[in-house]
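Trainee: Below you'll find the structure I mean.
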Amino acid sequence: MEKLVVPEQNIINAICVHFGRKVNANPEAVEVELMYDDETGFSAEAYVNNQQYNLSTLDIIESLRQTMLEFLNLDPISTGIELVLDEKEGIIAVVS
């Protein structure tokens, strides 16, 4: 399989859909900010109804895997996902 690059906005969209389902909210009601720290790595903050949730790298990957299964018809278990901090593109995911 070729490598697929998932841009930052698509990662955010995947989190909005997946996390929205977890907290029983519409994806449009979820706001997400992706973050990277040299010590802790990748994370995200999600805001729903004025409540903040901290998401780990695993939460981000889980959202991407669910999106791959539902919208791209890819096997989410057999694909590798690597989050990358790109100087020009921001936070992206490389799927192989």
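Trainee: Within the range 1-63, list the trypsin sites (Lys or Arg not before Pro) lying in a DSSP loop whose Cβ has at most 10 other Cβ atoms in a 10 Å radius.
Mentor: Of the trypsin sites (Lys or Arg not before Pro), the ones in loops of the range 1-63 whose Cβ has at most 10 other Cβ atoms within 10 Å are Lys3.
Trainee: Send over the per residue convex hull volume for the chain, Cα only, as a whole number of Å³.
Mentor: 97
Trainee: Can you give the charge dipole size of the chain about its Cα centre, rounded to the nearest 20 debye, using +1 on the beta carbon of Lys and Arg and -1 on the beta carbon of Asp and Glu?
Mentor: On the way: 5 positive and 17 negative charges, 87 e Å.
Computed charge dipole of the chain: roughly 420 debye.
Trainee: Lys/Arg Cβ at +1, Asp/Glu Cβ at -1, dipole of the chain taken about the Cα centre: which of Pro76, Leu34, Ile11 is farthest positive-ward?
Mentor: Comparing the listed Cα positions along the dipole, Pro76 ranks first.
Trainee: Carbon and sulfur: what percent of the chain's accessible surface (1.4 Å probe)?
Mentor: Using a 1.4 Å probe with all protein chains present, the chain comes out at 46 percent carbon and sulfur.
Trainee: Tell me, what ³J(HN,Hα) does each residue in the range 51-59 have, in order and in whole Hz, if you take phi through Karplus 6.51 cos²θ - 1.76 cosθ + 1.60 with θ = phi - 60° and put x for Gly and Pro?
Mentor: 10, 9, 10, 9, 10, 8, 4, 4, 5
Trainee: Along the Cα-to-Cβ line of Glu82, 7 Å from the Cα, sits a label point; which residues in the range 2-22 have backbone N less than 18 Å from it?
Mentor: Label zone hits: 2-8.
Trainee: Below 13 angstrom from the Cβ of Phe19, what's the summed charge of the other residues (Lys, Arg +1; Asp, Glu -1)?
Mentor: Neighbourhood net charge equals -4.
Trainee: Can you give me the accessible area per residue for the chain, using a 1.4 Å probe, in Å²? Could the numbers behind the result be given before it?
Mentor: Values: 6240 Å² over 96 residues.
Ligands and nucleic acids excluded, the figure is 65 Å² per residue.
The values are calculated or read from the model by the stated rules, or taken from the named source; none is laboratory data. Note that the structure is predicted; figures quoted are calculated from it, not measured. Cβ coordinates were reconstructed from backbone atoms using ideal geometry, including for glycine residues, and neighbour counts include every protein chain displayed. These accessible areas exclude ligands, DNA and RNA; they are computed on the full protein's heavy atoms, side chains included. Shrake-Rupley method; radii C 1.70, N 1.55, O 1.52, S 1.80 Å.
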